[in-house]
Amino acid sequence: MSAYTEYSPAAEYLHLLSAPMWPQLSTRLARALADADPAAGTAVEFGADTGLGTEVLMRSLAPAPVVVAEPAATLRAVLLARLHNLPDGERVSVFPCGAEELMLPERICAAIGIHMIGHLAPSARRALFADLVPRLAPGAPMIFNVQPPDTADIVEVPPFTVQQGQLRYEGSGRALPTGPDRLHWTMTYRTLHEDREISRAVAEYDWWIVTAQALASELADAGAPAEIDDSLVIARGPHR
């Protein structure tokens, strides 16, 4: 299984800076998972990060077993520590691999991939969907989200901050096109005490651009017609 180190320099920042966007996203994700049948199989998550989506999956699909893939060791450390403190955290198996390397369960009651689809090249996405769709229980939801931009343009993300104790944690970013459907992101993270920078980290990674419409088309080609709910693309297991 391949090592994934792109996020390692920024590991201490990612959970803190991601958490504020999740209350609204959790509600939308839970709504999309509401009619999933936990008795129909195993719940799967690709790119679990620190577990904010994992918690939604656990609540929505209790008591189904949950299998997640997270390739970054630094993020798995946070995820496993958080799962250890959850009453039913033992339901979750965390595999140290990327989405395309995960050995999928035979029967899947739901699958999600939040903030991760751009890490997969188009060929890897299609291969994943071809393997995933036949394993979905009839009507089982498969949910991915897309992130801007929709085209290969220069992108500037202004600083955003979270307060923790006496310190502020700040993230900002810049993306440069490296191809017609690919970006190279440079994310800068700072720790501030009052207005003084006391720590800085930089993370870089490549990102494949995919629109919601293109992703829905790829899922339909794999046999799972999809609907688009803003940034969420929701497909369902075919009825056989």
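The values are calculated or read from the model by the stated rules, or taken from the named source; none is laboratory data. Keep in mind the model is a prediction, meaning the values are calculated, not measured. We place every Cβ from the backbone using ideal geometry, glycine too, and count neighbours over all the protein chains shown. Ligands, DNA and RNA are stripped out before the accessible areas are found, and what is left, the full protein with its side chains, is counted by its heavy atoms. Shrake-Rupley method; radii C 1.70, N 1.55, O 1.52, S 1.80 Å.
Going residue by residue through the range 202-212, is there one that turns out to be crowded, with 16+ Cβ neighbours inside 10 Å and of a type in the set (Gly, Ala, Ser)? Yes, that holds for at least one residue. Among the residues making up the range 59-74, those that are open to solvent by less than 10 Å² (accessible area, probe 1.4 Å) and not in a loop (DSSP other than H, G, I, E, B) are Val66, Val68, Ala69. Of everything listed in (1) under 18 Å from Asp206 (Cα atoms); (2) buried (at least 16 other Cβ atoms within 10 Å of the Cβ), the single unmet condition for Val162 is (1). When Tyr4 is tested against (1) part of a helix (DSSP H, G or I); (2) open to solvent by 40 Å² or more (accessible area, probe 1.4 Å); (3) of a type in the set (Phe, Trp, Tyr), just one condition goes unmet, and that condition is (1). Restricting attention to the range 13-50, the residues being of a type in the set (Asp, Glu), out of contact with any Ser or Thr (no Cβ under 8 Å at 6 or more places or on another chain) and surrounded by 14 or more Cβ atoms within 10 Å (Cβ to Cβ) number 1.
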